[in-house]
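The values are calculated or read from the model by the stated rules, or taken from the named source; none is laboratory data. Everything numeric in this text was worked out from a predicted model, so none of it was measured. Every residue, glycine among them, receives a Cβ derived from its backbone with ideal geometry; neighbour counts consider all protein chains shown. Just so you know, the surface numbers come from the protein's heavy atoms only, side chains and all, with ligands and any DNA or RNA stripped out. Shrake-Rupley method; radii C 1.70, N 1.55, O 1.52, S 1.80 Å.
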Amino acid sequence: MSGLHADPLARFLLAAALVVLLSHLLGGLVGRLGHPPVIGEILGGLVLGPSALGGLWPRAHAWLLPEEVTSALATTAQLGLVTFVFLLGCELRLDGGRAGGTAVAAVAAGGMGLPFLLGAGLAWAAPGTLRGEHATDTAYPLFFGLALSVTALPVLARVLVDMGLDTTRTGAFALLSAAVGDGIAWLLLTAVLAVGGAEGTGPVGLTLTLVALLVAVTYLLVRPALAALLRRVEAGGRGERLVMPVLLAGAFGYGGLTDVIGLHPVIGAFLFGTAVPRGSVLVARLHQQLQGFTQAVLLPLFFAGVGLTVSLGTLGTGGRPWLVLLGVVVAAAAGKLAGAGGAVRLIGMDRTEALRFGALMNCRGVTELVVAGIGRQAGLISDAGLTVLVVMALATTAMTGPLLRLTGVAMRSPAPSPPTAPSPPSSPSSPSPTSRDLPKPLVAALTPLPPPSPLPAAVPDPSSSLPPLPVAVPAPSSPLPSSSAYRPTSERAAGGTPVEV
């Protein structure tokens with residue numbers, strides 16, 4: 001392709017167009033095959049890497065990706081990464097687990113603890129394949145154990161919807177446990193980067209002190225200021241156009257601050273995202289708009305940035321690196337299935353539900369790529385280690401669909417419709433199936449309150465054939481009886497008789 005001449009901007013735009021198009025085409029194809037579409041989207045981003053375009057058409061790879069284009073893709077990938085993790089922080093919800101907090105924490109610990117130990121053990125056993133050039137003896141195994149223990153919260157939410165599990169108690173519990181695990185994982189990643197001295201930082205104590213100070217300022221000053229701004233904008237209807245720039249500037253600014261402190265920029269973006277007030281209609285609308293552009297454009301470019309450093313050739317032709325790859329995939333899957341599934345078995349789930357829960361917690365997807373990319377940038381893992389983690393993320397995410405089908409979830413089931421009338425009380429000898437999905441302490445935490453009972457119609461005298469009389473209501477001047485059975489005039493009783501008020 002030496003006869004074609006184009007400046008770096010043209011080549012960057014061509015590369016970006018190729019990545020975005022292939023990511024979504026492959027995502028749709030993989031989705032039709034019954035797997036999470038994110039697998040195809042990641043593969044579409046990896047198409048520019050040495051194992052794909054570089055191996056099949058080296059001259060095209062060299063023409064399309066000179067050093068200037070590679071640098072631009074890497075910078076754009078970081079922008080997409082910071083935006084994506086900021087949105088993760090905005091989506092983090094831990095308040096739903098207050099009632100069953102002990103069980104959720106125990107399951108999150110089991111689902112992360114066993115994979116963490118297996119990953120740290122593999123890192124200790126195979127340093128020649130996995131260890132990076134700047135890794136310390138402490139940070140390297142801690143990071144690799146953390147990399148095996150994460151669960152992709154956005155991928156999990158998408159799988160739950162695709163498989164019809166988003167309205168079940170098992171799905172709700174899995175999503176809540178993944179949210180708790182996500183928060184723990186980012187805290188541990190912050191500590192590992194500080195211990196590892198990433199980015200050439202100073203003493204660990206100084207780094208952790210600065211992080212603690214930033215967290216205090218965030219929740220004591222920044223979060224109340226954001227809440228006051230949103231209240232003023234939503235009450236007055238003015239200044240709405242400024243909210244999006246303020247949120248993005250905060251995410252990017254926090255990313256820059258944590259980078260100066262010596263941590264990865266995504267740590268700051270995630271922290272600022274957790275400070276954005278919940279329950280705002282305006283924030284929800286802006287979040288949806290930003291998420292659409294991020295998933296359509298920025299995330300595929302991040303996948304491309306990772307793909308430029310991922311190559312199966314880094315594993316060589318010897319048998320040992322490939323055995324390490326196989327061991328990492330097996331350890332990652334077995335750790336989640338046994339750790340998360342075993343934890344819910346101990347608190348009362350049956351065997352099928354435990355396997356289903358473990359399969360849900362085994363999907364890693366985008367979050368694994370984020371963590372792996374941070375580790376490679378910090379020098380904690382090698383290029384071969386990055387390739388191993390990317391392949392592991394694709395393999396374990398691809399297992400989710402088949403494992404769920406193995407437990408009887410073959411296709412999306414319709415969401416249950418809300419009850420229109422109260423059902424008669426069930427017999428103690430025949431408990432409802434949903435009450436057995438989770439142990440008793442969690443049923444109360446995840447079950448909504450029952451709807452109020454409808455107003456009963458007047459019951460006629462059995463010995464009389466006269467029609468039932470309407471319910472009599474006292475005059476407004478007299479005190480009403482303490483009953484919740486009365487409703488406004490526009491409503492009707494269960495039998496269809498108007499209620500006069």
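Counting only helices (runs of 4 or more DSSP H) that fall entirely inside region 139-230 and contain at least 2 residues that are modelled with pLDDT under 90, the qualifying elements are 153-162, 169-196, 204-217.
Taking the criterion of being touching a Lys or Arg at 6+ places or on another chain (Cβ under 9 Å) and open to solvent by 10 Å² or more (accessible area, probe 1.4 Å), the residues of region 156-201 that qualify are Val161, Asp162, Met163, Leu165, Leu175, Leu176. Within the span defined as region 168-184, one or more residues are without any contact (Cβ under 8 Å) to a residue 40 or more places away in the chain and hydrophobic (A, V, I, L, M, F, W, C). If you check Pro36 against the conditions, is it open to solvent by less than 50 Å² (accessible area, probe 1.4 Å) and closer than 17 Å to Ala393 by Cβ? Judged against the criteria, Pro36 is a match.
Against the definition (among the aliphatic types (A, V, I, L, M) and open to solvent by 50 Å² or more (accessible area, probe 1.4 Å)), how does Val366 come out, yes or no? So Val366 does not fit the description; no. The set of residues in region 234-256 being more than 14 Å from Phe86 (Cα to Cα) and crowded, with 19+ Cβ neighbours inside 10 Å consists of Val243 alone.
Does Leu213 satisfy the criteria of being farther than 27 Å from Gly110 by Cβ and either aliphatic (A, V, I, L, M) or open to solvent by 50 Å² or more (accessible area, probe 1.4 Å) (or both)? Yes, satisfied. Condition first: hydrophobic (A, V, I, L, M, F, W, C) and either open to solvent by 30 Å² or more (accessible area, probe 1.4 Å) or not in a loop (DSSP other than H, G, I, E, B) (or both). Now tell me which residues in region 128-138 satisfy that. Of everything in region 128-138, just one residue is hydrophobic (A, V, I, L, M, F, W, C) and either open to solvent by 30 Å² or more (accessible area, probe 1.4 Å) or not in a loop (DSSP other than H, G, I, E, B) (or both), namely Leu130. For region 257-288, the set of residues classified as free of Cβ contacts under 8 Å to residues at least 12 places away in the same chain and either open to solvent by less than 10 Å² (accessible area, probe 1.4 Å) or closer than 21 Å to Glu234 by Cβ (or both) consists of Gly279, Ala284, Arg285, Gln288, listed by residue number. One residue stands out in region 296-343 among those that are β-branched (Val, Ile, Thr) and either at pLDDT 90 or above or open to solvent by 30 Å² or more (accessible area, probe 1.4 Å) (or both): the one that is farthest from Val370 (Cα to Cα), namely Thr317. Assessment of region 371-378 against the conditions (within 22 Å of Ser149 (Cβ to Cβ), touching a helix residue (DSSP H, G or I) at 6+ places or on another chain (Cβ under 8 Å) and among the basic types (Lys, Arg)) yields at least one matching residue. In region 369-393, of all residues being touching a Ser or Thr at 6+ places or on another chain (Cβ under 8 Å) and of a type outside the set (Lys, Arg), the one that is surrounded by the most Cβ atoms within 10 Å (Cβ to Cβ) corresponds to Val388. Tell me, please, whether a residue that is among the charged types (D, E, K, R) and under 29 Å from Arg376 (Cβ atoms) can be found in region 150-159. Checked region 150-159: at least one residue is among the charged types (D, E, K, R) and under 29 Å from Arg376 (Cβ atoms).
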